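Down below is the structure, laid out as structure tokens.
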Amino acid sequence: MEFKPANNIQDLQYFGEFGGVNPSISDSSTYTFLSAKTMFDTFEGNADGCYLYSRHSSPSNLYLGQALAAMEGTETANVTASGMGAISSVILQLCGNGDHLVSSRTIYGGTYAFLKNFTPRMGIETSFVDITNLASVESAITKDTKMIFCESVSNPLLEVADLRGLALLAKKHNLKLVVDNTFSPLSISPFMLGADIVIHSLTKFINGSSDTVGGVVCGEQKFIDALRNVNDGACMLLGPTMDSLRAASILKNLRTLHIRMQQHSKNTLYLAQKFEADGLKTVYPGLSSHPSHRLFKSMMNEQYGYGGMLTVDVGNLDKANELMELMQKRNLGYLAVSLGFYKTLFSAPGSSTSSEIPEDEQKAMGLSNGLIRFSIGLDADIERTYEMMKDCMKELNVL
Ligand code: PLP
């Protein structure tokens, strides 16, 4: 049966403490017990439904986690204070001294820096590979490998991972496939394609208001319980805890995600087709010229489209900067990192969100410094936006 992630969110029913249509916000860091024995049992993990302390869990965080788990089709989920809080906790939960992981080389710069510079201090080594080449992924696996890490659609190059193929490899070698699905919520459902753990930065499309950072780990109950374990759980002990007030506000925004993603995707496809027809070097998974267009199509939940991210290469950084400044001046979007806002956001990843990746490695992965990454907004009149962007490009001889 077709997997319908937005229906799963819609089908949840919560009432507030006084019959409110939104769940009540748990405005407490700690919880009382009627008996000392129940407190002890809760510490031991044996008192289901009891709350202990909000770094462990809170009702508001559980509501949001439940909705995100429903969206991804996993048993449960744990929300975190940021996407990096989710990523670092999962990696440190699964890998320890002497372990190895295989990661896509085109990933968000912060994740890259964590794997390249931080985890080696703990004896965790990473091989960075071309994730679109399953043979090179497999050949990087060693006896110490514990996980394969990738983004469904990579930041910033928009490479698409073959999640079914990677899941088979992970299974064959007894590894966990961990997928960051930040760029393609609703469009791609990694768990349904065989991933073990799905991560999001909620900061982006899912919250959609650019007013907070947040993250989530979706997976099996056993793994999420392990993350929250009071003795050795990374989320419990490293403390990347989301505040309850934020969880409540993200839950409210999540309810419009399906409508927003459709509009992001529609606008982005329109612009990508126009830019490409104008002769600009345009990358968007929805274009048939994208090397993984068919792969994306074979994995997607069709009604949400190919997502809200596209890139255009304008040749060099100076040109990219000039163009972004002019587009901001004309109020076509903001020169800002991040994504998933109602307004278009653009940045040159080589000198911003991917600047943690050394220049020679950027070159090897095909990240040129004239690349502009666009997160296309919810513009009501995308035809007008295109005409205005085209004017900017013509003025600067980009077109
Ligand atoms: N994953 C991806 C694909 C991202 O683009 C980002 C941030 O840009 C992150 C993870 C990190 O998320 P956060 O900034 O919420 O920690």
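The values are calculated or read from the model by the stated rules, or taken from the named source; none is laboratory data. Worth saying up front: this structure is predicted, and the values here are computed from it rather than measured. Note that each Cβ is placed from the backbone with ideal geometry, even for glycine, and that neighbours are counted across all protein chains shown. Each accessible area value is taken on the protein alone, full model and side chains, heavy atoms only, with ligands, DNA and RNA left out. Shrake-Rupley method; radii C 1.70, N 1.55, O 1.52, S 1.80 Å.
Before I look further, what does the chain give for accessible area per residue, probe 1.4 Å, in whole square angstrom? Could you put the intermediate results ahead of the total?
On the way: 17280 Å² over 399 residues.
Result: 43 Å² of accessible area for each residue.
P(r) for segment 244-373: what percent of alpha-carbon pairs falls in each 10 Å bin, starting at zero?
Using 10 Å bins, I get a P(r) of 12, 36, 36, 16, 1 for segment 244-373.
Which of F149, F33, F374 moves the most in a Gaussian network model of the chain with Cα springs under 10 Å?
Judging by the Gaussian network model, the answer is F33.
For helix 83-94, what angle does its Cα long axis make with the longest principal axis of the chain, in degrees from 0 to 90 and rounded to 10?
Taking the Cα atoms of the chain, the angle to 83-94 is about 60 degrees.
Measure off, as a whole percent, the carbon and sulfur share of the 1.4 Å-probe accessible area of the chain, all protein chains present. Working shown, then result.
Details: 8660 of 17280 Å².
For the chain, the apolar C and S fraction of the accessible surface comes to 50 percent.
Is the shape of segment 277-339 best called rounded, prolate or oblate, per the rule: a/c under 1.5 gives rounded, else a/b larger than b/c gives prolate, else oblate, with a ≥ b ≥ c the square roots of the Cα gyration tensor eigenvalues?
Working: a/c = 2.93, a/b = 1.80, b/c = 1.63.
In terms of gyration-tensor shape, prolate.
Quick check on packing: order 18-25, 100-107, 275-282, 199-206 by the mean number of other C-beta atoms within 10 Å, highest mean leading.
Working: 18-25: 12.4, 100-107: 24.0, 275-282: 15.9, 199-206: 27.5.
Highest to lowest by the protection proxy: 199-206, 100-107, 275-282, 18-25.
Compare R260, R294 by solvent-accessible area with a 1.4 Å probe and give them largest first, with all protein chains kept in place.
On the way: R260 30, R294 195 Å².
Of R260, R294, the descending order of accessible area is R294, R260.
Would you be so kind as to identify which of L245, H290, Y53 lies farthest towards the positive end of the dipole of the chain, taking Lys and Arg as +1 and Asp and Glu as -1 on Cβ and the Cα centre as origin?
H290
Computed over the Cα atoms, what is the radius of gyration of the chain divided by 2.2 N^0.38 Å, N being its residue count? Walk me through the numbers before you get to the answer.
Working: Rg = 21.3 Å, N = 399, 2.2 N^0.38 = 21.4 Å.
Rounded to two decimals, the normalised Rg is 1.00.
Short version: ³J(HN,Hα) in whole Hz for each residue of segment 375-389, in order, from phi by Karplus 6.51 cos²θ - 1.76 cosθ + 1.60 (θ = phi - 60°), x for Gly and Pro, what are they?
Karplus-based 3J(HN,Hα) across segment 375-389 equals 9, 7, x, 9, 2, 6, 10, 6, 4, 5, 4, 4, 4, 5, 5 Hz.
Taking Cα atoms, how many degrees apart are the long axis of helix 163-172 and the longest axis of the chain, rounded to 10 and kept between 0 and 90?
50 degrees
Please list the equivalent ellipsoid semi-axes of segment 1-105, computed as the square roots of five times the alpha-carbon gyration tensor eigenvalues, in descending order and whole angstrom. Mind showing how you got there, number by number?
Values: eigenvalues 155, 112, 31 Å².
In descending order the semi-axes read 28, 24, 12 Å.
At 1.4 Å probe size, with no ligands or nucleic acids counted, give the accessible surface of Y51 in Å², nearest ten.
Estimated to the nearest 10 Å², Y51 gives 60 Å².
With everything on Cα atoms, drop me the angle between helix 244-254 and the longest principal axis of the chain, reported from 0 to 90° to the nearest 10.
Its long axis makes an angle of about 50 degrees.
Which of Q328, Q273, Q13 ends up with the largest GNM mean-square fluctuation for the chain, with Cα atoms connected below 10 Å?
Top of the fluctuation ranking is Q13.
Quick one: which of K143/K172; K116/K204; K319/K390; K116/K143; K146/K176; K146/K171 span more than 18 angstrom between C-alpha atoms?
Details: K143/K172 13 Å; K116/K204 24 Å; K319/K390 14 Å; K116/K143 20 Å; K146/K176 7 Å; K146/K171 11 Å.
Beyond 18 Å: K116/K204; K116/K143.
When every alpha-carbon pair in segment 112-252 is counted, what percent end up more than 22 Å apart?
Values: 4433 of 9870 pairs.
Everything past 22 Å amounts to 45 percent.
Tell me the relative contact order for the chain as a rounded percent, counting alpha carbon contacts under 8 Å between residues six or more apart.
Values: 802 pairs, mean separation 66.0, N = 399.
Rounded, it is 17 percent for the chain.
³J(HN,Hα) across segment 209-226 via Karplus (A = 6.51, B = -1.76, C = 1.60, θ = phi - 60°), whole Hz, x for Gly/Pro?
Residue by residue, segment 209-226 yields 10, 6, 10, 7, 9, x, x, 8, 10, 10, x, 6, 3, 4, 6, 5, 4, 5 Hz.
What list of ³J(HN,Hα) couplings, whole Hz, do you get for segment 200-205 from phi and the Karplus terms 6.51, -1.76, 1.60, once you set θ to phi - 60° and write x for glycine and proline?
Working through the residues one at a time gives 9, 8, 6, 3, 9, 4 Hz.
Comparing D232, D196, D99, which has the greatest mean-square fluctuation in the GNM of the chain with Cα pairs linked when under 10 Å apart?
D232
Can you pull out the GluC sites (Glu not before Pro) in segment 42-142 that DSSP calls coil and that have at most 12 other Cβ atoms within 10 Å?
Values: sites: E44, E72, E75, E125, E138; in loops: E44, E75.
Hits after loop and neighbour filter: E44.
At 1.4 Å probe size, what's the solvent-accessible area of M84? Round to the nearest 10 Å².
60 Å²
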